[in-house]
1. I'm told residue B:185 meets every condition in (1) in a helix (DSSP H, G or I); (2) within 12 Å of another protein chain (Cβ to nearest Cβ); (3) touching a helix residue (DSSP H, G or I) at 6+ places or on another chain (Cβ under 7 Å); (4) of a type in the set (A, V, I, L, M, F, W, C) except one. Can you identify the failing condition by its number?
2. Applying the selection to the stretch A:429-441, what residues are modelled with pLDDT of 90 or more, surrounded by fewer than 17 Cβ atoms within 10 Å (Cβ to Cβ) and not charged (D, E, K, R)?
3. Restricting the search to the stretch A:165-181, which residues are closer than 8 Å to residue A:141 by Cα and either hydroxyl-bearing (Ser, Thr, Tyr) or in contact (Cβ under 8 Å) with a residue 40 or more places away in the chain (or both)?
4. Quick one: would you say residue A:256 is of a type in the set (Gly, Ala, Ser) and touching a residue at least 24 places away in the same chain (Cβ under 8 Å)?
5. Residue B:235 is checked against (1) within 14 Å of another protein chain (Cβ to nearest Cβ); (2) over 19 Å from residue B:364 (Cβ atoms) and fails just one. What number does that condition carry?
6. Restricting to the stretch A:229-261, give me the number of residues that are open to solvent by less than 50 Å² (accessible area, probe 1.4 Å) and part of a loop (DSSP other than H, G, I, E, B).
7. How many residues are assigned to a strand (DSSP E or B), open to solvent by 20 Å² or more (accessible area, probe 1.4 Å) and not acidic (Asp, Glu) if we restrict to the stretch A:459-510?
Amino acid sequence: MAVAGRTAARWARLPPLWLPPWLSPRPYSSRAKEKKDMSVYPVESIRNFSIIAHVDHGKSTLADRLLEITGTISKTDRNKQVLDKLQVERERGITVKAQSASLFYNHEGINYLLNLIDTPGHVDFSYEVSRSLSACQGVILVVDANEGIQAQTVANFYLAFEAQLSIIPVINKIDLKNADPERVEKQIEKLFDIPTDECIRISAKQGTNVEKVLQKVIEKIPPPQCNTADPLKALVFDSTFDHYRGVIANVALFGGEIAKGNKIVSAHTKKRYEVNEVGILTPNEQPTHKLYAGQVGYLVAGMKEVTEAQIGDTLFLYKQPVEPLPGFKSAKPMVFAGMYPVDQTEYNNLKSALERLTLNDSSVTVHRDSSLALGAGWRLGFLGLLHMEVFNQRLEQEYNMSVILTAPTVPYKAVLSSPKLIKEHGKDEITIINPAQFPDKFSVSEYLEPTVLGTIVTPHEYIGKIIALCQDRRAVQKDMLYIDENRVMLKYLFPLNEIVLDFYDALKSLSSGYASFDYEDAGYQAADLIKMDILLNGNPVEELSSIIHHDKAYATGKLLCERLKEAIPRQLFEIAIQAAIGKKIIARETLKAYRKNVVAKCYGGDITRKMKLLKRQAESKKLMRKIGNVDVPRDAFIRVLKRETDK
Amino acid sequence: WPYCRKRCSYCNFNTYVVPAVDEAAVGACLVREARTLLHLGQVQSVTSVFFGGGPPSLASPGSVAAVLEAVAGAAHLPAGAEVTLEANPSSTDTPRLAGFRAAGVNRLSLGVQSLDDAELRLLGREHTAAEARRAVEAARGLFPGRTSIDLLFGLPGQSRDAWAQGLEAALGLCDDHISLYQLTLERGTALAAQVRGGTLPSPPQDLLADMYHTARTVLVAAGFRHYEVSNFARKGALSIHNLSYWRADQYIGVGPGAHGRFVPWGEGGRRREARVQTPEPVAWMREVQSQGHGTRSRVVLSPLEQLEELLTLGLRTDEGITHERWGHFCPQLSLRAVFGAPGEAQALQEQGWLLLDGSGLRCTWAGLAVLDSLLPDLLCQLQR
């Protein structure tokens, strides 16, 4: 899904090989140079901010310019950037993130320390965005002068707004022929209630007015409110993994100071560590003697796994506990999918690729799973759809792994009424990931499904079709607002499972690519859920069971039966392909028996080619899964279970 | 024979349309290669000869005679041995056929394909229905009881009734042997391209099944024995040559693209080999002239592979694979030991597709029509 921009960034910290030159770790010799004394930057001269934007609105170009102006990176490097991007990011318009970087800037005789804190650009990571934002006091909101406000602009704005941050609106790409900054200013005024004269019109590409942005950062964003004299209180807002040094945690200090040799404790895990190294990011790691309250940097403290430095966690000095910063929660997967090697002999290679990828992305949950049809594999949990796609794409591109990814499902819940089941689970509300765990309706008082609040921004001519699409997806309209004469913002409450498959593609195709979409978690709602089984000649096919909404049962059942009919080869007997809810059959397709299957043209031809074909068929027969007396090729399961990406 | 006057719309055989054929040179090479291979195979006696290809009726009776003389010179060719010539109605008049008969041909296989002019045009055949009739009559006059006709069914747009009518017409015309072929849309042919492109309809599976069943029923009712998937004969007029092929006997293939299965005792071989001759006529001739034969590929067949071929070919016939024939290939493990044990074959027997009894393993009437669905199962069992 191309919903968003920067998303890969969070886990896209790659081996040095992949990074643009200015991101590559420095040679060790440069570490030896004198450490910077950070005590010369008191809280008053510090500004912590983020840049937020819809995909392709120019966030990273602006970041580059800021880094150049402040001398953080050299101007000659910029041309290489494009070439050094990751394939996955290039294809999706996601650039390697300029990581968090400390910029030094002299304004009106004062030396300022400006910490640019990068955030993942998609609400799949809204929690992580909110943690990153909580290290900031302000944001630069970038809007494309041509495209205007898009869905992700809205979502990002509200995250910043709710975090009570100062917002500096910036209209980018004013150099473009179709740029209409006036219209965008009006949109911003209407939607965000920001006076038009507060917007800064820039061209990040050409550097126009970028200096002015820096000055605004200093003027409008307040310095952090904290004190070096307080005990240490550090927020972990990001973490990466280095094969030599272990976990590198990016931290923002809300109080106190930290230096090498300090003993620290994680408020979440209660584990104790000794700090080996602290420093700032420029954007390379540059060790310093200390970090002080209000500053942003990194620390290395012998943590072995990224799960030890969870985003949102608070670190404090051993024996000097502090009140942890609010809002910590563990990453919660919202979309699950089965992942299997295309070829079982690839299992171990895939396993090690998964392990290496998840080293830098603790938000992916991995559970071993196996399917009679697809073999040994995993059930993976992702924060959202884009997260899943990017993960899969990186697996293919960076590890050359070809995988079968099953259609994504969402975590449902059931409120139990049966005392027996409540006792069994030790609680009265359970989460259901696998249809096999679906409790029947007699032992349940209520089923719940996850929902999201979706934001759609579209040219108004597509409204009719989009509303029809949303209704078809069981969505409830929450808001509809003209942001200017011809652009509309719609808000809908969607059941998550209705958008995980192909919603975004459908939206893009019916709006000729003009509508943008973003969503945020909106909790659970009661839903009329049922488990649907697929039967072949009366025998259930376990891997094709699914949990669906009652209203969608007939259509889904019919579709599955039709797809199976096409995917299963004709056999010597008739095959009934049925979708059933409990004992009730809701859809049926019949695959007729072969009446003739013999090549009536043999003599004159060499049998060699025919033998090869037959032997290949015999081989695949051995790999087929027998459901009752029906042979089902693995391929048929793949075709039915696999996500349709090319719709 | 590798040459054709015109390529038919459905044909992907190894044939070449060239303006002028140096028949003397090609004939000489056929003679030379036949001698070499007969020697290689240490062939004592030849039971049948089959002239097939582009069709060979385009060659002169003299060339046919020369090859037969070479065969008789290198091995014993009994007086009654079956010698079949494939012929097209368009290259078959009585004097020409008489010439072939004088050269030693005693059985004719005529590529009639259809008795409907529109269908013949669709197939890109050179002849008309009337010419086909005249050719069959001429052939029957010269080769009474030993003339076979080929018919095609499953043409794009052909209805079941049209096929039934064509079959009736053929029955009124034919001798004692009919070969029925379902049109296969081979890649690279004009007809396949038209069907894929949507200008011609693709015949539905069920219709093809109906046509096949109709033909079987009609022909058996007319006294024909359905002795192989595509072949019907009455009064014992079975094709000896093709029968030996389905029985997995040894045979040598002579000419461009020809294939053979034999043990090359003559060069110290001990195992049966699958051989294919060089397909391009010019290259093939060069090889024959320099080394006596134009063998392009030789693959030694393992005992298992030989059994797989025996199974695949043998089950196409109504006699199936006899215990005797099986024992010839696999003396150490009987047919019953392999397929009588619980497994796929037993299940297929229970479902009524297959029979294993005192005479051997064979398909039932219903099983023959779905043989290609039975074989993968049987091969699995055989491989165990």
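The values are calculated or read from the model by the stated rules, or taken from the named source; none is laboratory data. Computed from a predicted model, the values in this text were never measured in an experiment. Cβ: placed from backbone, ideal geometry, glycine included. Neighbour counts: every protein chain shown. Ligands, DNA and RNA are excluded from the accessible area calculation, which covers all protein heavy atoms including side chains. Shrake-Rupley method; radii C 1.70, N 1.55, O 1.52, S 1.80 Å.
1. Condition not satisfied by residue B:185: (1).
2. The one that is modelled with pLDDT of 90 or more, surrounded by fewer than 17 Cβ atoms within 10 Å (Cβ to Cβ) and not charged (D, E, K, R): A:431.
3. A:168, A:170
4. Spelling it out, residue A:256 is indeed of a type in the set (Gly, Ala, Ser) and touching a residue at least 24 places away in the same chain (Cβ under 8 Å).
5. The failed condition is (1).
6. 3
7. Here the count works out to 9.
Residues are listed down the side, and each one gets a yes or a no for (1) assigned to a helix (DSSP H, G or I); (2) open to solvent by 60 Å² or more (accessible area, probe 1.4 Å):
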| residue | (1), (2) |
| --- | --- |
| B:191 | yes, no |
| B:202 | no, yes |
| B:208 | yes, no |
| B:211 | yes, no |
| B:214 | yes, no |
| B:217 | yes, yes |
| B:236 | no, yes |
| B:241 | yes, no |
